[in-house]
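Each remark here refers to the structure printed beneath this line.
The values are calculated or read from the model by the stated rules, or taken from the named source; none is laboratory data. Treat the numbers as computed from the prediction; the structure is a model and nothing was measured. Reconstructed Cβ throughout: ideal geometry from the backbone, glycine too, with neighbour counts over all protein chains shown.
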Amino acid sequence: MSVELSTKVLDHLGLVSGMCDELDIVSQIDEHMPQDLAQREVSIGTICKASIINGLGFTERRLYMVPSFFEGRPTELLLGNGVQSEHLNDTVIGRALDAIHAYGITALFAQLCPVICKQLGLITRYAHLDSTTFHLHGRYNSCSPPEDGTVLHLTKGYSRDHRPDLNQAVINLITEN
């Protein structure tokens with residue numbers, strides 16, 4: 001009786017996958033995102049987990065190369081039962097990214113963060129908000145009003161450099177603890 005053994009490279013990706021499982025990222029994303037499993041074999045949450053693993057795999061693989069990244073790796077162990085590397089092609093990932101964009105990246109992030117912070121025991125007691133301005137030389141869109149609020153709009157305004165004639169940009173940063 002012979003036993004066939006095989007090996008697959010796991011590297012540090014098991015830790016990344018384990019942390020995603022601990023934080024329940026897949027089911028949290030799937031809870032908020034509409035699923036169309038008729039067009040793909042895996043959920044959007046699983047695609048996000050695969051993207052996280054791919055991004056932290058230190059290979060800088062493009063979307064069309066994600067399946068080759070997972071070849072030779074234990075995809076079922078990393079991503080879940082039945083998930084194969086060919087399920088993660090660029091079309092599937094692109095459609096998942098389109099669905100996330102349509103849902104709203106900021107909205108999804110805002111829904112995931114409080115749950116994850118609570119699971120990790122990250123309690124915010126203090127926060128600090130700081131802002132700074134800088135000026136820009138040249139011609140920008142300051143003469144025309146912003147179309148929909150998603151485009152950065154530079155205007156003339158208060159300048160700490162005492163140059164109110166230049167276009168101003170403001171950056172805000174908030175930190176906690």
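Against the condition more than 26 Å from Gly121 (Cα to Cα), assigned to a loop (DSSP other than H, G, I, E, B) and hydroxyl-bearing (Ser, Thr, Tyr), how does Thr7 come out, does it pass? Here the answer is yes, as Thr7 does meet what is asked.
The number of residues in the stretch 24-50 being closer than 21 Å to Cys117 by Cβ and under 12 Å from the mean Cα position of the chain (by Cα) comes to 5. For the stretch 6-24, the tally of residues that are in contact with a helix residue (DSSP H, G or I) (Cβ under 6 Å, 6 or more places away or on another chain) and under 24 Å from Gln111 (Cα atoms) stands at 4.
Only residues that are closer than 20 Å to Asn172 by Cβ and surrounded by fewer than 11 Cβ atoms within 10 Å (Cβ to Cβ) were counted across the stretch 110-128, and they come to 5. Residues in the stretch 159-177 that are surrounded by fewer than 10 Cβ atoms within 10 Å (Cβ to Cβ), in contact with a strand residue (DSSP E or B) (Cβ under 8 Å, 6 or more places away or on another chain) and over 30 Å from Pro114 (Cβ atoms): 1 in all.
Against the criterion of being within 19 Å of Pro34 (Cα to Cα), in the same structural domain as Asp30 (by TED's automatic domain parsing) and at pLDDT 85 or above, Leu108 qualifies. Annotation note: of His87, His135, the sole residue that is touching a strand residue (DSSP E or B) at 6+ places or on another chain (Cβ under 7 Å) and surrounded by 14 or more Cβ atoms within 10 Å (Cβ to Cβ) is His135. Just for the stretch 1-23: of the residues that are over 15 Å from the mean Cα position of the chain (by Cα) and of a type in the set (Val, Ile, Thr), which one is modelled with the highest pLDDT? Once the filter is applied, the top-ranked residue is Val3. Close contacts from the stretch 111-123, counting a first residue that is within 13 Å of Ile29 (Cα to Cα) and a second that is surrounded by 10 or more Cβ atoms within 10 Å (Cβ to Cβ) and of a type in the set (A, V, I, L, M), with Cβ to Cβ under 9 Å and a gap of 6+ residues or different chains, come to Leu112/Leu23; Leu112/Ile25; Leu112/Ile29; Val115/Leu23; Ile116/Leu23; Ile116/Ile25; Ile116/Leu122. Does Thr175 satisfy the condition of being of a type in the set (Val, Ile, Thr), at pLDDT below 90 and closer than 16 Å to Ser51 by Cβ? Against the criterion (of a type in the set (Val, Ile, Thr), at pLDDT below 90 and closer than 16 Å to Ser51 by Cβ), Thr175 does not qualify.
Per the listing Gly72, Gly82, Gly94, Gly104, the residue uniquely under 18 Å from Ile25 (Cβ atoms), among the small types (Gly, Ala, Ser) and exposed (fewer than 15 other Cβ atoms within 10 Å of the Cβ) is Gly104.
Residues that are buried (at least 16 other Cβ atoms within 10 Å of the Cβ) and either touching a strand residue (DSSP E or B) at 6+ places or on another chain (Cβ under 8 Å) or basic (Lys, Arg) (or both) were ranked within the stretch 31-69; the one that is modelled with the lowest pLDDT is Arg40.
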